[in-house]
Amino acid sequence: MRFRWKFFGSLLCVTGLLLVLYRQLGNVPQPPPGPASAQGSPSLTATSGYFRALEDHVPRRDARQGGKKKTNWNNVRAPEQKPNPPMPEEWMHLAVVACGDRLEETVTMLKSAVLFSFKKIKFHIFAEDSLKSDFQMKLEIWPQQISRKIEYKIYPITFPGGNTQEWKKLFKPCAAQRLFLPMLLQDVDSLLYVDTDVLFLRPLDHVWAFLRRFNDTQLAAMAPEHEISKIGWYSRFARHPFYGTTGVNSGVMLMNLTRIRNQHFKNNMIPAGLTWEEMLHPLYQKYKNYITWGDQDLLNIIFYFNPEMLYVFPCHWNYRPDHCMYGSNCKAAEEEGVSILHGNRGVYHDEKQPAFKAFYEVIRDYTFDDNLFQSMYFPLQSKFLESVHTLCGRIPQVFLKQIEKTMKMMYERRVVVHIRSDV
């Protein structure tokens, strides 16, 4: 009997202790279940992350009250997920300098740039005052689907530091303006400069992408003046320093203007480096009796002393009559096709190189309708057939390969993607 009373007494003590613990645990609020892991059990990482996110939304203990506030978990909301701010839209910047009778040629170049581009373009047009209203009239009549892809600004011809007439007469009218773009466009980080006689046969975006290939020292990109030194102009006739073995051509010049403004350039005038702005006029004074091609020669001299600052394009990014009139000597164009056509020597306006003239006339006359194949590519093929008896015309695959790729790309973008979005 005594044993039984001891047993029941022990049982009652244990039961009482369990009841006390139960009441204490019953006052602890239970959190909502966290996300389940792949095995069906709560994910520790996800759950702890969830509570960290809720930290600011959970009532805290008030020390003055000396106790805990009881949390009503039904009223606790997870913090709202704020969407990431949209990335700023990237604009490409294209600069050109137009004087004299270059209005039509410049507008045709701008048309070729916007026709095939993906990103939007800001045109920086440096022109004589007499051309300003003509440019505005030409650009304002472009259809809305084209004009919404561009912004433009027309600047007067100016040469910081004076000597305006001297600079203006260097080589062709106003051509030296390109040397001053880093100072004139202070709010522009990077820029593609082209001559008025340039035509884009593929998206401008593709040449713009070379900016990402620059290493830490490179701040500009140009193509060689020639591929073969024994027939190149600089290697045979130049009386001044020039870049590499054949020099470079400045008709297509991609520039990181910020780097140019911040750099000090080696030179043979003073032991210390000079900024771009400080260097231009002394360099011209030193070599003005030895240069033939004006601003292009000055650029060659600059990069002769600073070769590590230049990125060199393959020749199909600045394809000129020199690449075919002495036989085909741009291997990159034979493989890739012409990407940027540069009709220097006035070949758009005479009969010396009808292959070049065919491109110019077809793009000039294109009326912005949607059928690129019918309104541009097929007329181009027909015109090109008339040039097959010439040295440049006998290699149609070089001229037509890349433009055909571009046409197909634009077709897929405008038609195929549009159909898929409607399905």
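Tabulated results
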read-out: Cα Rg, Dmax (largest Cα-Cα span) when computed across segment 154-292, Å; value: 15.7, 44
read-out: Förster radius 41 Å - calculated FRET efficiency between Ser382 and His264 (Cβ-Cβ, nearest 0.05); value: 0.15
read-out: Euclidean distance of C-alpha centroids, segment 242-309 and segment 341-406, integer Å; value: 34 Å
read-out: Hull volume in cubic angstrom per residue (convex hull over the Cα atoms of segment 351-395); value: 56 Å³
read-out: Positive-pole candidate from Phe399, Leu372, Ala355, dipole of segment 321-422, charges at beta carbon; value: Phe399
read-out: Stokes-Einstein D for segment 123-213, Kirkwood Rh over Cα pairs, 4 °C, 1.567 mPa s (µm²/s); value: 85 µm²/s
read-out: Net length gained if the chain between Asn215 and Glu104 were fully extended (0.36 nm per residue, minus Cα distance); value: 36.2 nm
read-out: Spherically averaged projected area in nm², based on the convex hull that wraps the Cα atoms of segment 321-422; value: 6.9 nm²
read-out: Distance violations [Cα-Cα > 31 Å] among Lys266/Lys401; Lys122/Lys357; Lys286/Lys331; Lys132/Lys286; Lys266/Lys357; value: Lys266/Lys401; Lys286/Lys331; Lys132/Lys286; Lys266/Lys357
read-out: Hull volume in cubic angstrom per residue (convex hull over the Cα atoms of segment 186-259); value: 139 Å³
read-out: Order by protection proxy (mean Cβ within 10 Å, highest first), peptides 364-376, 381-393, 323-335; value: 323-335, 381-393, 364-376
read-out: Linear extension gain, Asp205 paired with Lys408, 0.36 nm per residue minus alpha-carbon span; value: 71.5 nm
read-out: Efficiency of FRET from Cβ geometry, Trp233 and Glu351, R₀ 30 Å, rounded to 0.05; value: 0.80
read-out: Rounded, prolate or oblate (a/c below 1.5 giving rounded, otherwise prolate when a/b exceeds b/c) for segment 103-167 by Cα gyration tensor; value: prolate
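Computed from the coordinates by the stated procedures, all read-outs in this text should not be read as laboratory data. As the structure is a prediction and not an experimental result, all values here were calculated from the model. Heads up, the Cβs are rebuilt from the backbone with ideal geometry, glycines too, and the neighbour counts pull from every protein chain shown.
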